[in-house]
Structures are given as structure tokens and as C-alpha cells.
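All remarks here apply to the structure that follows.
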């Protein structure tokens, strides 16, 4: 890890309250890092969705399992890791929530939102054997295309033809 | 900020005024309870006023869809009023903006149920 990288991590219980706690903590880091309101919203939402995913799908809402949240603040981006103690999953197996047959599904939009709101997004096999979500957003700064506006590369609303 | 919900009757339509966040936990649960309660009272024409809802996560979206489906299954209708920009953007990127009937004027929304 580069010496100018700031690292923060916390272990969360598998309870609903952990979702708000994770969101609040990441928002504080994002605001301190200089992200504008819109990007903070997108980062906060992505963290919520990552922890909801760990809480519900990864840990199956089992209270004896933990959720591990880590934030790396590098010179050019904020990287967020959310690790669960489930069995893991592959992105290719996640149904497309925009497919006609899934539009009225009552779940399954979390991964899509994280992908849309962050600049980089991936799911890897974590050290616990569970899924580790790794997502990042470029820090705002001089030369930044839109420090306070657009989200990830996929954030453009998709209008019906 | 937790979710608050009150409702008022406008003829055969029930307007539900929501404020706060519709998110995993109490917010989603309250929305579910409110819609299910109205259906139990045979109030099947529902207009959700989201003017003071500035945040919805995937659980909240799921609850909106669940409510929409439950109302439709009872031959009713559930429509949305006064979306904030964030909520509108969220419904657009999830393609749900084309599923729900969305209004910016309450009178027009009420007339649309006829």
C-alpha cells in the first residue's frame, strides 16, 4: 500500500442498523475527501447497497456472521471494500434488473446501482470465502470533468427508445 | 430520517403523503404496512405523494414495486406524485419510470383515476 494511502476498516454486525452505520461512515470520509453532494449521494447509496447485499444475500441475515468494511483513500480515488462471510457469487450469475421479465421484481437492483453510481466495480472472492465487493470513485480535483455532478461511467439514465 | 406516512381521502382515491427515506428496515416496512392496510380497507386507488421523500434505496424500490403489484392484483391502481430529482433519476435508471404513472400535479393525478 502506498504511504500516502489512508486506510480505515470496521467490522459490522449482520443487522439492519449496520447499513446506516456504514453509509454514515463512508459519507464522512467522502465529504472530508472533497466529494460534492451528488457524488456523496452516489457513494453513500453504493455503500448501502454493498452492505445490504452482504447482510441479506451473503450472510443470509445470520447474526453470528460479520461484515467487513474497508476504505482506502489514495491520491486519486476512494476505494471501498465490503466483505461478507457467505459463499460468494459471480457477477455473471446476477440477473439483469432491466430485462423485461425482471422489471417488476421486488429485489435484485443493488449490484446494478453500485455499478451505475461508482467509477469502478467488481466482485472478487474474499479471504473469508465470501464475496468481496470492491468499488471506487475518482477523487474530485483540478481537471476533474465533473467534481460535483455525474456518477460512474454507467450512470447515464437509460431512456426508453 | 425515518419515514412518516399520513393519508387522506380524495373521493375514491387515497393520497398517501410520505416524508423521509424509504430504505431497508422501518421505512420499507411502513410503506408496506400502509399500502396493505389501505387494501384491507378496500381503498384500491392509491396516489403516493413523494414530494418529501428524498432518498430511496433498492429495498425501497422493491417495496414500491411490491405495492404496485399488490394493488394491481386487486384491480386497483397505484400512481406516484411529485418525485424529487433523486427519486426520479433512480426510477429512470432502473427503467421503472415507464412502469409507474407519474404526475407533477395532484389534480391531474386524481383525475387520471377516473
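The values are calculated or read from the model by the stated rules, or taken from the named source; none is laboratory data. In this text, all values refer to a predicted model and were calculated from it rather than measured experimentally. A quick note on method: Cβ atoms are made from the backbone with ideal geometry, for glycine too, and the neighbour counts reach across all protein chains shown.
Checking each residue of the stretch A:33-56 against the condition of being at the interface with chain B (Cβ under 10 Å from one of its Cβ atoms), over 17 Å from residue A:20 (Cβ atoms), at pLDDT 95 or above and not in a helix (DSSP H, G or I) gives no match. Mind checking which residues of the stretch A:76-94 are in a loop (DSSP other than H, G, I, E, B) and more than 13 Å from every other protein chain (Cβ to nearest Cβ)? Result: A:76, A:84, A:85, A:86, A:87, A:88, A:89, A:90.
From the list A:27, A:21, A:8, A:73, exactly one residue is within 13 Å of chain B (Cβ to nearest Cβ), within 17 Å of residue A:134 (Cα to Cα) and surrounded by fewer than 20 Cβ atoms within 10 Å (Cβ to Cβ). Which is it?
Values: A:21 fails: within 17 Å of residue A:134 (Cα to Cα); A:8 fails: within 13 Å of chain B (Cβ to nearest Cβ); A:73 fails: within 13 Å of chain B (Cβ to nearest Cβ).
None of the other options fit; the residue is A:27.
Is it the case that some residue within the stretch A:95-103 is free of Cβ contacts under 8 Å to residues at least 12 places away in the same chain, surrounded by 14 or more Cβ atoms within 10 Å (Cβ to Cβ), outside any strand (DSSP E or B) and more than 14 Å from chain B (Cβ to nearest Cβ)? No, the stretch A:95-103 has no match at all. Condition check: within 29 Å of residue B:114 (Cβ to Cβ), away from chain A (no Cβ under 14 Å) and in a strand (DSSP E or B). Does residue B:38 satisfy that? No, not satisfied. Does the stretch A:110-122 contain at least one residue that is assigned to a loop (DSSP other than H, G, I, E, B), more than 13 Å from every other protein chain (Cβ to nearest Cβ) and over 23 Å from residue A:26 (Cβ atoms)? No, there is no match, as no residue in the stretch A:110-122 is assigned to a loop (DSSP other than H, G, I, E, B), more than 13 Å from every other protein chain (Cβ to nearest Cβ) and over 23 Å from residue A:26 (Cβ atoms).
Return the only residue of A:17, A:37, A:13 being over 16 Å from residue B:58 (Cβ atoms) and free of Cβ contacts under 8 Å to residues at least 12 places away in the same chain. Outline the logic, then answer.
Details: A:37 fails: free of Cβ contacts under 8 Å to residues at least 12 places away in the same chain; A:13 fails: free of Cβ contacts under 8 Å to residues at least 12 places away in the same chain.
The match here is A:17.
Of everything in the stretch B:71-88 that is in a helix (DSSP H, G or I) and surrounded by fewer than 18 Cβ atoms within 10 Å (Cβ to Cβ), the residue that is nearest to the other protein chains (Cβ to nearest Cβ) is B:86. What is the residue count in the stretch B:51-65 for residues that are surrounded by fewer than 22 Cβ atoms within 10 Å (Cβ to Cβ), in a strand (DSSP E or B) and at pLDDT 95 or above? Count: 3. Sort out which residues of the stretch B:41-57 are touching a residue at least 24 places away in the same chain (Cβ under 8 Å), over 9 Å from the mean Cα position of the chain (by Cα) and either more than 18 Å from residue B:2 (Cβ to Cβ) or facing chain A (nearest Cβ under 9 Å) (or both), and write them in order of number. Residues satisfying the conditions are B:43, B:44, B:45, B:55, B:57. Note on the stretch B:91-114: residues that are under 14 Å from the mean Cα position of the chain (by Cα) and either within 14 Å of chain A (Cβ to nearest Cβ) or surrounded by fewer than 19 Cβ atoms within 10 Å (Cβ to Cβ) (or both) total 9.
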